[in-house]
Amino acid sequence: MAITRDLRLADGRDLRIHDTGDGDTALVWHHGTPQTGALYEPLLGLARQRGFRLVSCARPGYGGSTPQPGRAVGSAASDLAHVADVLCLDRFAVMGSSSGGSHALACAALLPDRVTGVACFAAIAPFTGDDSWFAGMADDGALRAAMAGREARLRYAEQSEFDPATFTTADFEALSGTWEAMGVDAGTAGRAGPDGQVDDDIALVTPWAADLALVEAPVLLVQGEQDRVAPRTHAEQLARTLPQSEMWFRRDDGHISVLDACPEAMDWLLEVTRLLVE
């Protein structure tokens, strides 16, 4: 069970927060694109079993949070710092999936005194400006449209449809099984409007306003070898930037099924947090 509340920020925006409230160690979940930011199973159960207090913030444009056109990936850090202050969280681990992994890393770079560890599943690497950045993506239309600006990305949203080839058989099995709630949540986020997804995509193909070389916390990169959304090359790019990172390649996983490593990743975060305290 998570408590949901809206936090009014200094710039007048509302930020929706989901917080389980209980736990010895704080863990902030950064959701993917599109998602509402709500917490669901199996994340809730896995966190409860390990004594994590699980917190999530809906990024601007999602799940009740006010849109923020022009936001960068690094913009998530100031919002998270404010949330952490309100919730009295001094230090916390961060974890994210897909674009959520990117935002988790940016928060680690900009909040080095507060983030104790980072676990990313199928994270998108910073845009290089080179066409090879798109290599291996089954459908790169949205990100390419985002390069032309917000109006172009909004026009793309009006006529685009999900391409089933984006996901592997393992991904669809995960969405009909363990990670069914994630698929339901993505549908809810998509029906609410394009703002969150549009601004996520623009943020991914523009400067992040966060230097990953400044990340001090231990980083775990979990990557599916069959991923058609965030290809292996993105994980490899991140690993080159983050020499302290540990890489877990999963041979048979795609973009969603890679989340089946979530229990082990949470255990890893507990261990690095324990070592930090000692």
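The values are calculated or read from the model by the stated rules, or taken from the named source; none is laboratory data. Fair warning: this is a prediction, and the values are worked out from it, not measured in the lab. When the accessible area is computed, the model is the full protein with side chains, heavy atoms only, and any ligands, DNA or RNA have been set aside. Shrake-Rupley method; radii C 1.70, N 1.55, O 1.52, S 1.80 Å.
Using helices alone, what [θ] at 222 nm do you get for the chain, with -39,500 (n - 2.57) per DSSP H run of 4 or more residues, divided over all residues and rounded to the nearest 500?
Working: 10 runs with 104 residues, N = 278.
Per the formula, -11000 deg cm²/dmol.
At 1.4 Å probe size, with the rest of the protein present, what percent of the exposed accessible area of the chain is carbon and sulfur atoms?
51
So with the 1.4 Å probe, I'd like the accessible area per residue for region 1-114, rounded to whole Å². Could the numbers behind the result be given before it?
Details: 4020 Å² over 114 residues.
The answer is 35 Å² per residue.
If you average the sequence gap of Cα pairs under 8 Å that are 6 or more apart and divide by the length of region 157-235, what percent do you get for the contact order? Don't skip to the answer; put the middle values down first.
Numbers: 20 pairs, mean separation 32.3, N = 79.
Over region 157-235, the number comes to 41 percent.
Could you give P(r) for region 130-278, binned at 10 Å from zero, as whole percent values over all Cα-Cα pairs?
10, 31, 39, 18, 2, 0
Using all C-alpha to C-alpha distances in the chain, build P(r) with 10 Å bins and read off the rounded percent in each one.
7, 32, 40, 19, 2, 0
Considering only DSSP beta bridges with both partners in the chain, what is the antiparallel share in %, to the nearest 5? Each step should come with its number before you reach the end.
Values: 9 of 33 bridges.
Percent antiparallel among DSSP bridges in the chain is about 25.
Note the direction-averaged projected area, equal to a quarter of the hull surface, for the Cα convex hull of region 19-173, in nm².
On the way: hull surface 40.7 nm².
Quarter of the Cα hull surface area: 10.2 nm².
Could you tell me the center-to-center distance, by alpha carbons, between region 223-245 and region 19-46 in angstrom?
Region 223-245 and region 19-46 have Cα centres separated by 23 Å.
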